[in-house]
Amino acid sequence: MTTRIGVAIMSAALLLYIVLVGQRAVLFIATGEPIAIALGVALIFFPLLAVWALGRELWFGHRAAVLGRTLESDADLPEEELTTLPSGRVVRAEADAAFPRYREEVEAAPEDWRAWYRLGLAYDGSGDRRRARAAIRRAIALERRGRRGIPST
């Protein structure tokens with residue numbers, strides 16, 4: 001729940017930023033000066049890029065949460081009880097030891113979104129966020145294809 005509150009606060013801050021920057025952009029463009037117009041256009045473009053990036057991340061988080069809830073309701077989430085540090089992070093050595101099992105599961109069934117999701121969780125536990133996000137993105141894509149009846153490639 002605290003994550004959702006944080007996301008809501010950051011989204012509201014971004015929207016406030018966009019409104020304020022949008023006002024400045026209009027003022028720059030209204031001057032008629034070529035450099036000011038260029039700055040005004042840039043001030044419009046970059047906040048729009050930020051909105052796109054935020055939307056993409058929110059959609060990723062939503063889809064990942066839906067898949068996580070699906071695995072949880074099917075009792076298909078990893079069951080290892082890994083030791084956590086006081087910060088809440090998993091002890092990396094334990095996560096690294098559990099990792100090969102999930103990698104082998106994906107190698108055995110590369111089109112199974114559940115295997116990819118569990119591999120993403122293992123990467124996350126090992127501290128490799130980039131690969132964790134990539135594995136979960138792959139799980140989202142595979143689940144979407146399966147839901148639409150599109151054969152995997």
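The values are calculated or read from the model by the stated rules, or taken from the named source; none is laboratory data. Keep in mind that this is a model prediction, so the values were computed, not measured. Quick reminder, even Gly has a Cβ in these numbers, built from the backbone with ideal geometry, and neighbours come from all protein chains shown.
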(message) Given the options GLU104, GLU111, name the one that is surrounded by fewer than 16 Cβ atoms within 10 Å (Cβ to Cβ) and out of contact with any helix residue (DSSP H, G or I) (no Cβ under 9 Å at 6 or more places or on another chain).
(response) GLU104
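Mind listing whichever residues of the range 114-135 are within 24 Å of LEU85 (Cα to Cα), touching a Leu at 6+ places or on another chain (Cβ under 9 Å) and crowded, with 18+ Cβ neighbours inside 10 Å?
Listed by number, the residues that qualify are TYR117, ARG118, LEU121, GLY125, ALA132.
Identify all residues within the range 94-117 that are small (Gly, Ala, Ser) and closer than 14 Å to ASP128 by Cβ; write none if there are none. Working first, answer last.
Taking the range 94-117 first, the residues small (Gly, Ala, Ser) are 95, 97-98, 108-109, 115.
Those that are small (Gly, Ala, Ser) and closer than 14 Å to ASP128 by Cβ: ALA95, ALA98.
Residue by residue, here is whether (1) of a type in the set (S, T, N, Q); (2) surrounded by 13 or more Cβ atoms within 10 Å (Cβ to Cβ) holds:
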position: THR3; (1), (2): yes, no
position: SER11; (1), (2): yes, yes
position: LEU16; (1), (2): no, no
position: GLN23; (1), (2): yes, no
position: THR31; (1), (2): yes, no
position: ALA36; (1), (2): no, yes
position: GLY40; (1), (2): no, yes
(message) Between ALA50, ALA38, ALA25, ALA64, which is without any contact (Cβ under 8 Å) to a residue 12 or more places away in the chain, among the hydrophobic types (A, V, I, L, M, F, W, C), in a helix (DSSP H, G or I) and outside the structural domain of LEU142 (by TED's automatic domain parsing)?
(response) ALA38
(request) Mind listing just one residue for me: the one in the range 73-97 that is under 26 Å from GLY146 (Cβ atoms) and among the small types (Gly, Ala, Ser) and, of those, surrounded by the most Cβ atoms within 10 Å (Cβ to Cβ)? (result) SER73
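Based on what the data block shows, is GLU94 without any contact (Cβ under 8 Å) to a residue 12 or more places away in the chain and charged (D, E, K, R)? Spell out the reasoning first.
Working: without any contact (Cβ under 8 Å) to a residue 12 or more places away in the chain: no; charged (D, E, K, R): yes.
No: the conditions fail for GLU94.
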